[in-house]
Amino acid sequence: MSRGSTKGKIIRIVRTRTLRNGKVEREVVIVDDPDVVREYSKKENAREIDELRDNIANFKPTGDKDKDSRMILMLEDELARLNRNKDRRQIREQQKGRVSGTGGESAGGDDGEGKAKIAGTQRRCANCGQIGHIKTNKKLCPMLNGTQQPQTGFDTTAFGGSGSVAATPATERTFSV
């Protein structure tokens, strides 16, 4: 709300409070300060919008054109948000290969050798080079759970190479204390 739209406006606020003796007292406050009027109007509009947003599923036209038009805009925004989320979810599922394509084939397709491609991301362990886990998974990595001993040399299969690069022979040294 601009400063000029609240200039000269007056708000009458009726506050009710309960006294100690149980009586209810109504207090009328008249505010003519433009800054206070603007802030009060802002908070009132925000409260109204929150109330409408909470009841968006139970919307029924009220006959008040302003309120109905605001609610229709909110409904359209909510519908657009839901459609965006649906599209995002479908794209994510297609990337993972969960949604079947046209013709009943899998989303991964066929690689031409009779084997269907495995959909989704393939994780390769940087420790052992096996597909299906990452190097921090102590349960699945045979080098971390003790079922396989580390090889001498640097294995490049984890990085797309076709073999291992032999390391220079290590000399054994024994130290006595």
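The values are calculated or read from the model by the stated rules, or taken from the named source; none is laboratory data. Everything quoted here is computed from the prediction, not taken from an experiment. As a convention, Cβ positions derive from the backbone with ideal geometry for all residues, glycine included, and neighbour counts pool all protein chains shown.
A few remarks follow.
- Members of the range 124-139 found to be assigned to a loop (DSSP other than H, G, I, E, B) and either exposed (fewer than 14 other Cβ atoms within 10 Å of the Cβ) or in contact with a helix residue (DSSP H, G or I) (Cβ under 6 Å, 6 or more places away or on another chain) (or both), listed by number: 126, 127, 128, 129, 132, 134, 136, 138, 139
- Residue 52 vs. criteria at pLDDT 80 or above and either assigned to a helix (DSSP H, G or I) or out of contact with any helix residue (DSSP H, G or I) (no Cβ under 6 Å at 6 or more places or on another chain) (or both): no
Residues checked against (1) small (Gly, Ala, Ser); (2) in contact with a Phe, Trp or Tyr (Cβ under 8 Å, 6 or more places away or on another chain); (3) surrounded by fewer than 12 Cβ atoms within 10 Å (Cβ to Cβ):
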{"site": "15", "(1), (2), (3)": "no, no, yes"}
{"site": "22", "(1), (2), (3)": "yes, no, yes"}
{"site": "25", "(1), (2), (3)": "no, no, yes"}
{"site": "35", "(1), (2), (3)": "no, no, yes"}
{"site": "46", "(1), (2), (3)": "yes, no, yes"}
{"site": "49", "(1), (2), (3)": "no, no, no"}
{"site": "54", "(1), (2), (3)": "no, no, yes"}
{"site": "58", "(1), (2), (3)": "no, no, yes"}
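- Boolean, residue 119 is surrounded by 12 or more Cβ atoms within 10 Å (Cβ to Cβ) and at pLDDT below 75: yes
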